[in-house]
Each structure stands twice: as structure tokens, then as C-alpha cells.
1. Can you name the residue in the range 11-26 that is over 10 Å from the mean Cα position of the chain (by Cα) and either outside any helix (DSSP H, G or I) or in contact (Cβ under 8 Å) with a residue 12 or more places away in the chain (or both) and, of all such residues, is surrounded by the fewest Cβ atoms within 10 Å (Cβ to Cβ)?
2. Among the candidates Lys32, Lys70, Lys58, single out the residue that is among the charged types (D, E, K, R), part of a helix (DSSP H, G or I), over 16 Å from the mean Cα position of the chain (by Cα) and at pLDDT 95 or above.
3. Specify which of the listed residues (Leu30, Leu46, Leu55) is in contact (Cβ under 8 Å) with a residue 24 or more places away in the chain and of a type in the set (A, V, I, L, M, F, W, C).
4. Kindly provide the set of residues from the range 35-55 that are in a helix (DSSP H, G or I) and surrounded by 11 or more Cβ atoms within 10 Å (Cβ to Cβ), ordered by number.
Amino acid sequence: MELSREEQLAALGAALYLVGIEVEASREQLEKLYQRGVGLNEPETLSAYHQFNRLSWKFSQIEEQYLKMKGET
């Protein structure tokens, strides 16, 4: 069963919302590490930074799909 354009937009919008929550949580984790004085080259910080970048990239990709599809309607 194929989703309608409106259903696809709704699904992309929901995905944006959920990934946005993850991006914000990841950003907060980086902020906590900074406030605790954990160095930028520490494995914990590097791992959190890579997680943030991965989620930010994922958000951007979904957003691009959403905007492209929304422009086609």
C-alpha cells in the first residue's frame, strides 16, 4: 500500500519532530560535558560530538525531503 502525499508529508513531519528531540538532547549532553570541564579531545566529548553531528545531518536530510515534497504540492 502506497502512502498518499499528505501521509508522506505527515510521516516526514513526525520524523523531523522526533529527530529534533534527539538533536536537542544531544546538544544538551555536549553542554553538560562543557560545564563539567571535560576536554574537547576526551573520548566522551568526541563521542557526544559525533552523535550530535550524525543527528544534525539526519535532521537536515529529512528536512530537505520534507521541503522538497511540500514544494511539489
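1. Gly13
2. Numbers: Lys70 fails: at pLDDT 95 or above; Lys58 fails: over 16 Å from the mean Cα position of the chain (by Cα).
Of the residues listed, the single one that is among the charged types (D, E, K, R), part of a helix (DSSP H, G or I), over 16 Å from the mean Cα position of the chain (by Cα) and at pLDDT 95 or above is Lys32.
3. Values: Leu30 fails: in contact (Cβ under 8 Å) with a residue 24 or more places away in the chain; Leu46 fails: in contact (Cβ under 8 Å) with a residue 24 or more places away in the chain.
Just a single option satisfies the conditions, and that option is Leu55.
4. First pass over the range 35-55, keeping only residues in a helix (DSSP H, G or I): 35-36, 43-55.
Within the range 35-55, Glu44, Thr45, Leu46, Ser47, Ala48, Tyr49, His50, Gln51, Phe52, Asn53, Arg54, Leu55 meet the criteria.
The values are calculated or read from the model by the stated rules, or taken from the named source; none is laboratory data. Source: prediction; values computed, not measured. Note that we place each Cβ from the backbone using ideal geometry, even for glycine, and neighbour counts take in every protein chain shown.
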